[in-house]
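The values are calculated or read from the model by the stated rules, or taken from the named source; none is laboratory data. Just so you know, these numbers come straight off a predicted model, no measurement behind them. Backbone-built Cβ (ideal geometry, glycine too); neighbour counts: all protein chains shown. With ligands, DNA and RNA removed, areas are computed over all heavy atoms of the protein, side chains included. Shrake-Rupley method; radii C 1.70, N 1.55, O 1.52, S 1.80 Å.
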Amino acid sequence: MSALENIIAKLGASERISGQEALLLWQLAPLWQLSQLAVAAKRRVSGDMVFYNRNFHLEPSNVCLFDCKFCSYRRSEGESGAWDYTLEQMLDIVRSRKDSGATEIHIVGGVHPRNDLYFYLELIRQIKQIMPQVAIKAFTAVELNCMISKAGLTTVEGLKLLKEAGMEAIPGGGAEIFAPHIREQICPQKGSAEMWLDLHRQAHKLDISTNATMLYGHIESVEDRIDHLLRLRELQDETGGINAFIPLKFRSANNSLSALGETSVIDDLRTLAMSRLILDNVLHLKAYWVMYGKSTTELALAFGADDIDGTIEDSTKIYSMAGAEDSHPTMSIEDIEKICRSAGFVAHERDTHYNLIK
Ligand code: V47
Ligand code: SF4
């Protein structure tokens, strides 16, 4: 048996692969074989189901103290294109969507120079008064680390306050690429991989579930991607608290890394499949349709994804500002069902914790 055949046989028997084996598979396996292996692994977890939710994003501000090289979204205070909502403006947005049927609000913004932990605690409390049933999935580990340390609290103390206020889950952003030599070049102010991993570890211990992301397709190598995935696999072995993994394709418009261009759809598909195969302990793999566009999302379902995020309702600007096709991203339930059906699966509405709805 060749080394490649040996790895394929291991995966067929649901055995874990090492970093070295992952590298060989990533470099040598034909696309059809990655598709077959990843879909088989997905089917063992979720059969023919593909999940989505009814959600909207709330982006408090794009004013950010940091200046990540890949970011098309951040602005300095007062710069053209900056927005900075007051508490009341954000509550008005929530009120306007109160009857939308959303079960989740995803809140992510910049690392704000003035809004502090107490401002965000109040925001969460007041949102829960307007929409008591909605799950709040809020703030990247980077935002959380800044607001909690600025308040002079430990991570655990800060997360406890946020949980008491009504924060149920944490999105996966801020992970970028863990390898320090890449992190230093693309987001030097963002804090280390250890900070990101430890914040998620502490959240899991407090029973706050989290997602994890990986920003790929810029200056990182396949080895860096594998290193990233292995670090997440290790955390998941320890805590089991990661709900879903989301590979985020670098979109190149309007940022300092624009000259790099974007990676191919083939690379997107190989990355999805390899994520499913390496992260054998993370149940859900999300193809974030806002970032891929609708047709690549359908393809992603043939490469191990079992979640396509949600209806969104034209509430996020991060990806349209970076060049994503859809400048007003909204997906109807009918569209979601159609995409899943044509990929050979059945769409199921879920809540933030992957409980089925109806
Ligand atoms: O950390 C910023 C990424 C992330 C670009 O948990 C970019 O369900 C590509 O966390 N090209 C924030 N990516 C978004 C995020 C997220 C998104 C969707 C679902 C979930 C979830 C979380 O957006 C950042 C960064 O990695 N990002 N700029 C860009 N030009
Ligand atoms: Fe700020 Fe986030 Fe953009 Fe980095 S990715 S500059 S932290 S808004």
Would you mind pulling out the separation of the Cα centroids of segment 32-76 and segment 128-155, in Å?
19 Å
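Leaving out ligands, DNA and RNA, and with a 1.4 Å probe, what % of the accessible surface on the chain is carbon or sulfur?
On the way: 7290 of 14060 Å².
Carbon and sulfur: 52 percent of the exposed surface of the chain.
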Anchor Lys160: lysines whose Cα lies under 20 Å away (excluding residues fewer than 8 positions away in-chain)
Lys128, Lys137, Lys150, Lys205
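Write down the percent of antiparallel bridges among all DSSP beta bridges whose residues are both part of the chain, to the nearest 5.
Antiparallel bridges make up about 5 percent of those DSSP assigns within the chain.
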Point-to-point label distance, Glu334-Glu79, nm (Cα→Cβ direction, 7 Å offset):
4.1 nm
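Could you grab the relative contact order for the chain? Cα pairs under 8 Å, six or more apart, rounded to a whole percent. Please list the in-between numbers first.
On the way: 649 pairs, mean separation 82.2, N = 358.
Relative CO of the chain lands at 23 percent.
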Where does the chain land at 222 nm, in deg cm²/dmol rounded to the nearest 500, when only DSSP H runs of n ≥ 4 count, each adding -39500 (n - 2.57), divided by all residues?
-13000 deg cm²/dmol
Residues listed by number, segment 278-315, amide nitrogen under 15 Å from Val45 label point at 7 Å toward C-beta
278-288, 300-309
Between Ser96 and Ala259, what is the label-point separation in nm under the 7 Å Cα-to-beta-carbon projection?
4.0 nm
Run the reach check for Lys294 against lysines, Cα to Cα strictly under 22 Å, same-chain hits fewer than 8 apart removed. What comes back?
Lys42, Lys249, Lys286, Lys317, Lys338
Would you list which aspartates and glutamates come within 19 Å of Lys69, measuring only between C-alpha atoms, while excluding same-chain residues fewer than 8 positions from it?
Glu77, Glu79, Glu143, Glu176, Glu184, Glu220, Asp224, Glu262
Residue-normalised value, i.e. accessible area per residue, for the chain at 1.4 Å probe, in Å², stands at 39 Å²
